[in-house]
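Chemist: After the structure tokens below, expect a handful of questions from me.
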Amino acid sequence: MVQVVNRLSGSDGHAINHLVLIGNFLPRQCGLATYTTDTFEALKAEFPKLDVDVYAMDDHPGRYDYPPEVTASIAQQDLSAYLAAARAIEASGAQAVWLQHEYGIFGGKAGEFILTLLDRISLPVIVTLHTILEKPSPDERRVMEGLLRRCARVIVMAERGREILHRVHGFGGKAVVMIPHGVPDRPFADPDSFKPRFGWEGRKTVLTFGLLAPNKGIETMIDAMPAIVAAQPDALYIVLGATHPNLVAHEGEAYRDRLKAQAAARGVMGHVEFVDAFVEHDHLIDYLQAADVYATPYINPAQITSGTLSYAIGVGKAVVSTPYVHATEILADGHGVLVDFGDDAAFAREIIALLGNDGNRSRLSARAYARGRTMIWSKLADTAMGEIVEMVAAKPLRIAHPSAAHIPLTPDFAAVERMSDSTGMLQHSIFSIPDRRHGYCIDDNARALMLVGRMAGLDDVARDKWTTIYASFIQYAWNAEAQRFRNFMNFDRSWCEEFGSEDSNGRTLWALATTARTAVARKHRDWAVQMFDMTASMALDLGSPRAQAFAMLGAAEMLACHPGHGLAETIIQRFSADHLALLADARRPEWEWFEIVLAYDNARLPEAMMRAGMALGRSDLIETGVKALDWIVARQTSPEGRFRAVGTESFGRAYAAPLPFDQQPLEAQATVEACAVAYEATQDSRWLDEANRAYRWFLGLNDMDLPLTTVQDGGCFDGLTPTGINRNQGAESILALQLASCTISSLSKLVGSVAGPTHAVA
């Protein structure tokens, strides 16, 4: 057992005790299911203390009676099943994932759903590629290269696979490992000792096995049988295997019937036996060991892996095969016989020679068996585990930068300006370069308008220019006929819709009111008041709680600069009452929240309630908002005490604890600003701590110990995923950082210390 423990430990002593295995699994009937099952059993046999969680890909949910070894199944065409599996894997404590990849077993275009799963886990991944295409389609290339980027190790089962990866995808080096297909560990046996089990006594047997399908070339062997029978009258060709399930679904057993008709037409029906069964592992090996010769007449030259050929070599069969990729490698150097594709005369000639010379056949079988001993499942498990140990040990450590994490950033307009043009602020970027394909939205331009009013260090010329541009975007977005603001605009300035979402309309009202209060130039304040008065009545039709919260925040801003504003008071009074009712309906002992689910911008709901209380002089609303903020802050705290933004995968899950990924800057900004309002309302210094804790999420005190800021230009990455940072810098993320920085700067001036009473949050 000491030896096993050592093989599960890297040079740094780091032990591997928990692994996830993803692929097809028995009783699903296919070669990949057999491979994954054999891999699982080999791992458990070699490493008894290793926990292996099996996630079985499921093409027909509910059809298969999976054994207890299967942790869960993943419905092939259900994207939510991949997300659920990712969450379970991430929470399981596993240290690595071993994925079996084959085209056709994963959902989405070219199987792209598996990338969604891998993008949602932080574990290192090793993948076994069962097919590597010489000429992938654009979607197949995209998915394969996404997979290669994500994996720390790639297993190929033939050296040709390594060459194709390098030539077609530019991928290679030490990350690619050649590990042959595993084979059973069986003693070398005389075929005659097994033949009585199947009624084949006194027959010279030739076997082909595997799921029956046209690409197996069985027709070639049937055409060869008349000549073989003429030379060896006792010859018997066994075609072992059920028809491929996909073929059965399409045409039933028509293909098998055509093969039988072909055998009858050639006059060899008494010399061809079809065994229509998906044979269990041990029984399959018995069939193999009863064969004198194994034939693989496959017609696909590019076939890079054949489990059936590997098994035949593993038990020491004399093999005659077409020269597909795997056969040319495994049968090289006199370990088997190769003949041309579709050449039935060559198959007949070589098989007759082997059946007619027991000595030559025995010597070829012995050479095959010797090669097979290098491929037994225990060796595969050992070799793969060595790679897994190394990749886990090499997983980069996340190192915090505590000194930077306590330095508040000076608000910086550079990245906002980079994402803006004479129309407004563009939505998205590829890395830091604006992506014009996605155009603009009013949400971002409303936020940008708020920022230029709040950013103290912006020079007057720039402030005037950008206030005018963002205000002009909002002004042009107003659809007087629909009495709503449009949201999305193409790069050519054409609108994508007649009116935008409720949330975008509520946020725009908030931006107008903020501009009415904070704009430096009177011309901008006057414009904002006029636009608010012209459009704000539509707020009374908003039904989304967040849209209502945004409108309440705007109404509070308007009352701050125009006390007694009638419409603003109506908005606050109506929606604060509505939100109290929402809270009463959704509340449970463990759930102090306005909805039964969590979504985005969560902290805006208690922030709006507190602002309403302050505007109306109602302590009950303030207390309600503070209590709800306290509840959401507790759920945005990691076990280490750091801010953890509610992940986007949490959205819409009734009365469920939040999930950690993907984390968006918007949540940190909303929490910073809500905590600042709580401090303003209560003077409780605890809210300074919470505001700074949420702000330090941007700077690296987060679940990944990675800063999201690019300090040199005021940029901000788009979020934290389980595998690291989303390195795109969209408008929403940049604005979230800059608005949060403005709030922290204001708090600093208010209390004289950004850090607050406590300084250690790591």
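Chemist: Which label marks the calculated value of Kirkwood radius over Cα pairs in Å, given the options (i) 30.1; (ii) 28.5; (iii) 26.5?
Modeler: (i)
Chemist: Additional query: Counting other Cβ atoms within 10 Å, keep those with at most 15, restrict to DSSP loop, and tell me which trypsin sites (Lys or Arg not before Pro) in segment 231-285 are left.
Modeler: Here no loop site has a sparse enough neighbourhood.
Chemist: For segment 457-571, give the percent of accessible area contributed by carbon and sulfur heavy atoms, probe 1.4 Å, rounded to a whole number.
Modeler: 51 percent
Chemist: Any idea of the accessible area per residue across segment 274-379, 1.4 Å probe, to the nearest Å²?
Modeler: I get 34 Å² per residue for segment 274-379.
Chemist: Now a separate question. Below 8 Å between Cα atoms, with a sequence gap of 6+, how large is the relative contact order for the chain in percent?
Modeler: It comes to 10 percent, rounded to a whole number.
Chemist: Between Leu706 and Arg436, what FRET efficiency follows from the Cβ-Cβ distance if R0 is 30 Å, with the result rounded to 0.05?
Modeler: 0.60
Chemist: Using modelled amide H (1.01 Å from N, peptide plane; none on Pro or chain starts), what sits under 5 Å from the amide H of Asp51, excluding residues fewer than 5 places away?
Modeler: Residues meeting the amide H criterion: His18, Leu19.
Chemist: Report, to the nearest whole %, how much of the accessible area of segment 2-155 belongs to carbon and sulfur atoms, 1.4 Å probe, protein only.
Modeler: Answer for segment 2-155: carbon and sulfur cover 50 percent of the accessible area.
Chemist: Putting +1 on Lys and Arg Cβ atoms and -1 on Asp and Glu Cβ atoms, find which of Ser193, Ala691, Ser362 reaches farthest to the positive end of the dipole of the chain.
Modeler: Towards the positive end, the residue furthest out is Ala691.
Chemist: With a 1.4 Å probe and all protein chains kept in place, how much accessible area does Val279 have, in Å² rounded to the nearest 10?
Modeler: Probe radius 1.4 Å; accessible area of Val279 about 30 Å².
Chemist: In the chain, if the dipole is taken from +1 on Lys/Arg beta carbons and -1 on Asp/Glu beta carbons about the Cα centre, which of Tyr55, Ala516, Ala456 is farthest to the positive end?
Modeler: Ala456
Chemist: Relative to the Cα centre, what is the charge dipole magnitude of the chain, using +1 at the beta carbon of each Lys and Arg, -1 at the beta carbon of each Asp and Glu, and rounding to the nearest 20 debye?
Modeler: Dipole of the chain, to the nearest 20 debye: 1000 debye.
Chemist: Only Lys, Arg, Asp and Glu count, each charged at its Cβ (+1, +1, -1, -1), so figure out the dipole size of segment 172-314 about its Cα centre, rounded to 20 debye.
Modeler: Rounded to the nearest 20 debye, it is 320 debye.
Chemist: Quickly rank 29-35, 132-138 as a protection proxy: mean count of other C-beta atoms within 10 Å, highest first.
Modeler: 29-35, 132-138
Chemist: Another one. For Asp460, Asp223, Asp718, what's the largest-to-smallest order of accessible area, 1.4 Å probe?
Modeler: Asp460, Asp223, Asp718
Chemist: Using the Karplus curve 6.51 cos²θ - 1.76 cosθ + 1.60 with θ = phi - 60°, what ³J(HN,Hα) values do you get for each residue of segment 481-491, in whole Hz, with x for Gly and Pro?
Modeler: Couplings: 5, 7, 6, 8, 7, 6, 10, 8, 10, 5, 5 Hz.
Chemist: Okay, moving on. Nearest 10 degrees is fine. How inclined is helix 665-682 to the longest principal axis of the chain, computing both from alpha carbons?
Modeler: Between the helix axis and the principal axis of the chain, the angle is about 30 degrees.
Chemist: If you don't mind, there's one more thing I want to ask. For Tyr237, Tyr600, Tyr679, write out the residues from largest to smallest accessible area, computed with a 1.4 angstrom probe and no ligands counted.
Modeler: Tyr600, Tyr679, Tyr237
Chemist: Counting each pair of different Cα atoms once, what's the Kirkwood radius of segment 292-401 in Å, rounded to one decimal?
Modeler: The Cα-based Kirkwood calculation yields 15.7 Å.
Chemist: Please list, in order along segment 435-444, the HN-Hα scalar couplings obtained from phi with the Karplus expression 6.51 cos²θ - 1.76 cosθ + 1.60 (θ = phi - 60°), rounded to whole Hz, x for Gly and Pro.
Modeler: Going residue by residue, I get 9, 5, 4, 9, x, 10, 9, 6, 3, 5 Hz, with x marking Gly and Pro.
Chemist: Considering only protein heavy atoms and a probe of 1.4 Å, how much of the accessible area of segment 219-317 is carbon and sulfur, as a whole percent?
Modeler: Carbon and sulfur together cover 55 percent of it.
Chemist: Amide H neighbours of Ala235 under 5 Å, at least 5 residues apart or on other chains, H built in the peptide plane: list them.
Modeler: Long-range HN contacts for Ala235: Lys204.
Chemist: Another question about this same structure. Cα axis of helix 545-561 to longest principal axis of the chain: angle in degrees, 0 to 90, nearest 10?
Modeler: Rounded to the nearest ten degrees, it is 20.
Chemist: Additional query: Which whole-angstrom value gives the distance between the alpha carbon centres of segment 47-95 and segment 316-337?
Modeler: That distance is 36 Å.
Chemist: Oh, and also: Can you give the accessible area of Leu582, probe radius 1.4 Å, in Å² rounded to 10?
Modeler: 60 Å²
Chemist: Same structure, new question: Gap in Å between the Cα centre of segment 616-689 and the Cα centre of segment 144-185?
Modeler: Cα centroid of segment 144-185 versus Cα centroid of segment 616-689: 46 Å apart.
Chemist: Quick one: of the DSSP bridges fully inside the chain, what percent are antiparallel, nearest 5?
Modeler: Taking every DSSP beta bridge within the chain, about 30 percent pair in antiparallel fashion.
Chemist: Follow-up. Can you list the GluC sites (Glu not before Pro) in segment 598-660 that are in a DSSP coil and have 12 or fewer other beta carbons within 10 angstrom?
Modeler: Passing sites in segment 598-660 are Glu640.
Chemist: Could you work out [θ]222 nm for the chain from helices alone, using -39500 (n - 2.57) per DSSP H run of at least four and dividing by all its residues? Round to the nearest 500 deg cm²/dmol.
Modeler: -15000 deg cm²/dmol
Chemist: Let me ask something additional. Can you run phi through the Karplus equation (6.51, -1.76, 1.60; θ = phi - 60°) for segment 714-725 and list ³J(HN,Hα) in whole Hz, with x for Gly and Pro?
Modeler: Calculated HN-Hα couplings, in order: x, x, 8, 6, 7, x, 9, 10, x, 9, x, 8 Hz.
Chemist: Near the amide H of Phe485, under 5 Å away, which other amide H atoms are found, from residues 5 or more places off or on another chain, if H is placed in the peptide plane?
Modeler: The answer is Asn479, Gly500.
The values are calculated or read from the model by the stated rules, or taken from the named source; none is laboratory data. The model shown is predicted, which means the values in this text are computed figures rather than measured ones. Glycine gets a Cβ as well: all are built from the backbone with ideal geometry, and neighbour counts include every protein chain shown. To get the accessible areas, we keep the full protein, side chains included, count just its heavy atoms, and leave off ligands, DNA and RNA. Shrake-Rupley method; radii C 1.70, N 1.55, O 1.52, S 1.80 Å.
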